[in-house]
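Undergrad: One structure coming up, written as structure tokens, with questions to follow.
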Amino acid sequence: MVPRRVSILGSTGSVGCNTIDLIERQPERYEIEALTANRNVALLAEQARRLRPRLAVIGDEERFGALKEALAGSGIEVAAGAAALIEAAQRPADWLMAAIVGAAGLEPTLAALHRGAIVALANKECLVCAGDLMMHEVARSGATLLPVDSEHNAIFQVFDFDRPEAIERIILTASGGPFRTLDRAVMAHVTPAQAVAHPNWSMGAKISVDSATMMNKGLELIEAHHLFGLAAERIEVLIHPQSVVHSLVAYVDGSLLAQLGTPDMRTPIAYTLGWPERMPAPAERLDLAALGQLSFEPPDFEHFPALRLARQALQSGGAAPTILNAANEVAVAGFLGGEFGFLEIASIVEETLATMPLDKPASLDAVFALDTEARGVAQALIARFRDRL
Ligand code: NAD
Ligand code: MG
């Protein structure tokens with residue numbers, strides 16, 4: 001069997017490390033082309049010494065010297081900076097994991113799509129901020145886009161792509177995060193540490209905060225719209241606190257097809273890494289009898305305004321999803337930095353959206369300009385918040 005040549009963008013993150021965990025269980029099946037990280041030189045170098053990629057890239061240019069030193073004598077090529085991240089994605093890997101967090105992953109992910117690679121997409125923010133451009137690139141290049149996000153991966157597994165007319169709607173499940181049952185008055189005072197402590201999933205800080213505000217599900221609505229080509233009205237959200245039913249597809253005959261499993265990202269990652277074959281993954285097996293019951297409830301858009309904002313952004317289209325994503329990235333970083341309270345995250349996003357015109361960005365440059373402008377507006381709002389505090 002010819003080994004699959006793979007690259008991992010964001011190899012030091014939660015999804016990146018889970019991907020490496022799977023690869024190291026069957027190392028003979030893979031050749032590593034490139035690994036990339038943003039700042040964590042020590043972990044990137046350790047991964048590189050174990051996996052022997054041809055190229056290791058650190059995003060932060062100031063850490064180039066440190067990476068070079070850490071990999072001295074290894075024979076592994078090292079590089080740094082934004083252009084090097086794009087180059088890593090351009091290198092000839094058959095399969096690429098896009099697991100950078102945020103819109104920072106957009107250009108490298110597009111570069112991999114551009115050359116027609118199989119792209120396992122964890123980085124949902126790039127679909128939110130430039131979904132039309134990305135899907136256009138997939139169609140143009142013939143790239144294969146495989147969703148890693150557990151909900152979209154579940155839908156992908158049960159979605160009849162040959163008979164899209166038979167599909168009525170899709171249902172994204174959501175755990176509701178750590179604050180599902182908390183009063184908003186109490187929510188106002190939660191700490192970053194409480195917000196990142198997700199009840200079911202172990203993930204990076206940004207997506208954990210997004211899960212706590214439920215902006216994550218909002219981003220996933222927009223992600224699903226692009227991946228499966230369904231209008232906003234045909235994508236539902238269903239609260240399911242146990243995170244066992246990962247999502248569902250509803251067919252015109254009344255059938256609901258779902259994918260189930262324990263909450264372990266190695267299952268959806270393995271689905272993409274082995275694709276089109278199934279490969280073994282070590283996730284704990286689901287014991288439905290031991291679990292006894294599963295529960296479901298409708299989402300509360302008042303309790304979680306971020307979810308409402310994202311749905312509105314999807315409905316209005318144009319610039320709204322790009323602005324939503326940019327403002328949310330800034331707001332989450334500010335909350336994690338202790339600059340303001342948890343409830344302010346959605347307020348900053350809402351005010352940023354209200355301040356900016358919603359004309360659709362027609363090119364990649366326009367998306368970047370809009371993203372930069374929205375970050376500036378959100379920062380200015382934060383400065384005003386701070387003055388008020
Ligand atoms: P993380 O914070 O744990 O890791 C992010 C990775 O991206 C790290 O390797 C980091 O070095 C790199 N990175 C961060 N900023 C960068 C920049 N500006 N330039 C280049 N590289 C940069 O995040 P994560 O939890 O692994 O999530 C990664 C992506 O996958 C996110 O878009 C998230 O929404 C999505 N996702 C994650 C999970 C999960 O279980 N963690 C599940 C579904 C989707
Ligand atoms: Mg998800």
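The values are calculated or read from the model by the stated rules, or taken from the named source; none is laboratory data. None of these values were measured; they are calculated from a predicted model. Note that we place each Cβ from the backbone using ideal geometry, even for glycine, and neighbour counts take in every protein chain shown. Calculation scope for accessible area: heavy atoms of the full protein, side chains included, ligands and nucleic acids excluded. Shrake-Rupley method; radii C 1.70, N 1.55, O 1.52, S 1.80 Å.
Undergrad: Can you compute 3J(HN,Hα) from phi for each residue in the stretch 272-281, using the Karplus curve 6.51 cos²θ - 1.76 cosθ + 1.60 with θ = phi - 60°, rounded to whole Hz and x for Gly and Pro?
TA: Along the stretch 272-281, the couplings run 7, 5, x, 2, x, 8, 9, 10, x, 9 Hz.
Undergrad: I'd like to compare 365-374, 82-91: which one has the highest average count of other Cβ atoms within 10 Å, and what's the full order after that?
TA: 82-91, 365-374
Undergrad: Modelling each spin label as a point 7 Å along the Cα-to-Cβ direction, I'd like the residue 43/residue 77 distance in nm, to one decimal.
TA: Those two pseudo-labels are separated by 2.5 nm.
Undergrad: Right, here's the next one. Hey, got the dipole for the stretch 254-345? About the Cα centre, +1 on K and R Cβ, -1 on D and E Cβ, debye to the nearest 20?
TA: 300
Undergrad: Report the extension gain between residue 312 and residue 189 in nm, rounded to one decimal, defined as 0.36 nm multiplied by the number of residues separating them, less their alpha carbon distance.
TA: Result: 41.6 nm gained on full extension.
Undergrad: Out of residues 5 or more away from residue 169 or on other chains, whose amide H comes under 5 Å of its own, with H placed 1.01 Å from N in the peptide plane?
TA: Residues meeting the criterion, in which the H sits 1.01 Å from N, are 250.
Undergrad: To the nearest 20 debye, what is the magnitude of the charge dipole of the chain about its Cα centre, counting +1 on the Cβ of each Lys and Arg and -1 on the Cβ of each Asp and Glu?
TA: 660
Undergrad: Give the relative contact order (percent, whole number) for the stretch 77-156; include only Cα pairs under 8 Å separated by 6+ residues.
TA: With pairs under 8 Å counted, the relative contact order is 27 percent.
Undergrad: Skipping prolines and chain starts, which residues have an amide H placed within reach, meaning under 5 Å, of the one on residue 31, given they are 5 or more residues away or on another chain?
TA: Under 5 Å from the amide H of residue 31: 4, 5, 6.
Undergrad: Rounded to the nearest Å, what's the spacing between the alpha carbon centres of the stretch 75-117 and the stretch 249-306? Just the number, please.
TA: 29
Undergrad: Which ³J(HN,Hα) values, rounded to whole Hz and listed in residue order, are derived for the stretch 214-219 from phi using the Karplus coefficients 6.51, -1.76 and 1.60 in 6.51 cos²θ - 1.76 cosθ + 1.60 with θ = phi - 60°, glycine and proline given as x?
TA: 6, 4, 3, 5, x, 4
Undergrad: Relative to the compact globular guide of 2.2 N^0.38 Å, what is the alpha carbon radius of gyration of the stretch 350-389, as a ratio?
TA: Ratio of Rg to 2.2 N^0.38 Å for the stretch 350-389: 1.33.
Undergrad: So what does the Cα-only Debye profile of the stretch 317-389 read at q = 0.14 Å⁻¹, as log10 I(q)/I(0), no solvent term?
TA: -0.39
Undergrad: How much space per residue, in cubic angstrom, does the convex hull of the C-alpha atoms of the stretch 266-312 take up?
TA: 153
Undergrad: Oh, and also: Which value, in Å², gives the accessible area per residue of the chain when a 1.4 Å probe is used on the protein heavy atoms?
TA: That works out to 42 Å² per residue.
Undergrad: Of 320, 144, 225, which is farthest along the charge dipole of the chain in the positive direction, counting Lys and Arg as +1 and Asp and Glu as -1 at C-beta?
TA: 144
Undergrad: Which whole-Hz ³J(HN,Hα) couplings does the stretch 182-197 yield from phi under the Karplus relation 6.51 cos²θ - 1.76 cosθ + 1.60, θ = phi - 60°, glycine and proline marked x?
TA: Computed from phi, the couplings for the stretch 182-197 are 7, 4, 5, 4, 6, 4, 4, 10, 5, 8, x, 4, 5, 5, 7, 8 Hz.
Undergrad: What do you get when you divide the Cα radius of gyration of the stretch 89-246 by 2.2 N^0.38 Å, with N the number of residues?
TA: Normalised Rg, Cα atoms only: 1.09.
Undergrad: A further question on this structure: If the elastic network links every pair of Cα atoms under 10 Å, which of 252, 349, 101 fluctuates the most in the Gaussian network model of the chain?
TA: For the chain, modelled as a Gaussian network with Cα springs under 10 Å, the answer is 252.
Undergrad: Something else now. What does the convex hull of the Cα atoms of the stretch 40-152 come to per residue, in Å³, rounded to a whole number?
TA: 99
Undergrad: Another question, then. Cβ neighbours within 10 Å, averaged per peptide: list 128-136, 333-341 in order, most packed at the top.
TA: 128-136, 333-341
Undergrad: Also, I was wondering about something else. For the stretch 149-313, state the semi-axes of the equivalent ellipsoid (square roots of 5 times the eigenvalues of the alpha-carbon gyration tensor), sorted largest first and rounded to whole angstrom.
TA: Equivalent-ellipsoid dimensions as semi-axes: 26, 20, 15 Å.
Undergrad: Next question. The chain: longest stretch without exposed trypsin sites (Lys or Arg not before Pro) (DSSP loop, at most 11 other Cβ within 10 Å), sites themselves excluded?
TA: Within the chain, the longest run free of exposed trypsin sites (Lys or Arg not before Pro) spans 1-277.
Undergrad: List the extent of the Cα atoms of the chain along each of their three principal axes, largest first, rounded to whole Å.
TA: 56, 54, 42
Undergrad: Of the options 176, 250, 200, report the single residue whose Cα projects farthest towards the positive end of the charge dipole of the chain (beta-carbon charges: Lys, Arg +1; Asp, Glu -1).
TA: It is 200, whose Cα lies furthest towards the positive end.
Undergrad: Considering all projection directions equally, how large on average is the shadow of the alpha-carbon convex hull of the stretch 1-97, in square nanometres?
TA: Result: 5.5 nm².
Undergrad: Please give the peptides 219-230, 153-164 ranked by average Cβ packing (other Cβ atoms within 10 Å per residue), highest first, as a rough proxy for protection.
TA: The peptides rank, most packed first, as 219-230, 153-164.
Undergrad: Report the Cα-based extents of the stretch 247-360 along its three principal axes, largest first, to the nearest Å.
TA: 49, 40, 32
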